[in-house]
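Scroll down for the structure; my scribbles are underneath it.
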Ligand code: ATR
C-alpha cells in the first residue's frame, strides 16, 4: 500500500517540498506519495483528525500551523521543544502515536556549515522575529557572542527574546527596524541574517544600508526564490560571504525523510529536484 506523507499549511502555493520528497521516494524505490495539504484555519481541527483516519505515515508542518499542531501530538521531541514549534510529525506505524520534531534548526546549521559561515564568538544582526527567526536563534545562541533582533513589529521581537532562558536571553538585544537603513552604522555586526519575507517580491528592499553590509563578513537571506535577493546582491557587492535559504529547505527536508523512512536521505537527488522546480 502506498504510504502517505504531506505538507500541512495555508496557503501552500509556493511549496517545493512535494517535488523534493516525491523525487526521493521515486529514486530510492519507496511506494509513497507526498501531498500538499492546504487546510484553512477554520478547518484545521477537522483536517488534522482527517489525517489520522486517512492513515498518513507522517507530514511536514509550515506557516501558520507549527505551533497549532502541538496539542494534537502524543509526544514532542527535544528538537521541537527547544523551538516551541513543530515542522515534522512522525506517525508511529506500531502505535499510531504522533511525534513532533523540528528539523528547521538542523537545516539552518547545515546552511551555515555548507556556506562555511562560523558564528562562534560572532555578533549577529537578525532581521525578523517569526518562526524562522526562532529556529535561527536556537541554532546560533549557544555559540555566538550576541544577537540583535530587529523586527517591523517590536513586540514580537520582545516576545522572541523572552522565550529563551536567562543564559541565552542576555545575549539578545533589540534594535529599531527603521534605523537599519541609516548609512552610518552605530554598531557593526559580523553576520546579518534576513528571516523576513521582504525580498520575495522583485524590487522589495530590506532597509539595511550598504555601510552596514560593508562592515559585515557574512549575510544570509532565508529566501531562496529569487536565489539572489536585492539584500544578497548588495551584500555580495560589499564583500560579504553570502548564502540563500535553499540549503535550509533542503536539509530540513532531508532530516524529515530520515525520521520517516529510517535511512540516509539522498541529498543530491533532493537538491536536483529543488533546483529543477525553481527553474
Ligand atoms: P516565518 O515562519 O517564515 O518566519 P512568520 O512567522 O509569519 O513566517 O514571520 C514573518 C516575518 O517577516 C516577521 O518577522 C514579519 O514581521 P512582523 O512580525 O512585523 O509581521 C516579517 N515581515 C513580513 N512582511 C514584512 C514586511 N513587509 N516588512 C517587514 N517585515 C515583514
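Test residue 230 against the criterion of being surrounded by fewer than 17 Cβ atoms within 10 Å (Cβ to Cβ) and more than 10 Å from the ligand (Cβ to nearest atom), and give yes or no. So residue 230 fails the test. Residue 100 meets the conditions (1) closer than 16 Å to residue 9 by Cβ; (2) part of a loop (DSSP other than H, G, I, E, B) in every case but one. The failed one is (2).
In the condition set (1) without any contact (Cβ under 8 Å) to a residue 60 or more places away in the chain; (2) buried (at least 18 other Cβ atoms within 10 Å of the Cβ), residue 222 is compliant with all but (1).
Restricting the range 75-84 to residues that are crowded, with 16+ Cβ neighbours inside 10 Å and closer than 25 Å to residue 43 by Cβ leaves a set whose member that is farthest from the ligand (Cβ to nearest atom) is 76.
Of everything listed in (1) touching a helix residue (DSSP H, G or I) at 6+ places or on another chain (Cβ under 9 Å); (2) in a helix (DSSP H, G or I), the single unmet condition for residue 233 is (1). Just so you know, in the range 55-74 the residues that are farther than 20 Å from residue 257 by Cβ and surrounded by fewer than 16 Cβ atoms within 10 Å (Cβ to Cβ) include one that is nearest to the ligand (Cβ to nearest atom), and it is 63.
Only one of the numbered conditions (1) in contact with a helix residue (DSSP H, G or I) (Cβ under 7 Å, 6 or more places away or on another chain); (2) over 23 Å from residue 105 (Cβ atoms) is not met by residue 250, and that is (2).
As for the range 165-188, it holds no residue that is in contact with a helix residue (DSSP H, G or I) (Cβ under 8 Å, 6 or more places away or on another chain) and within 24 Å of residue 68 (Cα to Cα).
Residues are listed down the side, and each one gets a yes or a no for (1) over 27 Å from residue 168 (Cα atoms); (2) in contact (Cβ under 8 Å) with a residue 40 or more places away in the chain:
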{"position": "56", "(1), (2)": "yes, yes"}
{"position": "80", "(1), (2)": "no, no"}
{"position": "83", "(1), (2)": "no, yes"}
{"position": "95", "(1), (2)": "yes, no"}
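Residue check: is residue 90 away from the ligand (no atom under 16 Å from the Cβ), in a strand (DSSP E or B) and touching a helix residue (DSSP H, G or I) at 6+ places or on another chain (Cβ under 7 Å)? When the stated conditions are applied, residue 90 passes them. Can you find even one residue in the range 76-87 that is under 21 Å from residue 149 (Cα atoms) and in a helix (DSSP H, G or I)? Within the range 76-87 (the criterion being under 21 Å from residue 149 (Cα atoms) and in a helix (DSSP H, G or I)), the answer is yes, since at least one residue qualifies.
Just so you know, in the range 261-276 the residues that are over 19 Å from the mean Cα position of the chain (by Cα) and at negative phi include one that is surrounded by the most Cβ atoms within 10 Å (Cβ to Cβ), and it is 261.
Against the list (1) assigned to a helix (DSSP H, G or I); (2) out of contact with any helix residue (DSSP H, G or I) (no Cβ under 8 Å at 6 or more places or on another chain); (3) crowded, with 20+ Cβ neighbours inside 10 Å, the condition residue 111 fails is (2).
Just so you know, all these numbers are worked out from the coordinates, no wet-lab data involved. Since this is a predicted model, take the numbers as computed values, not measurements. Ideal geometry is used to build each Cβ from the backbone, glycine not excepted, and the neighbour counts take in all protein chains shown.
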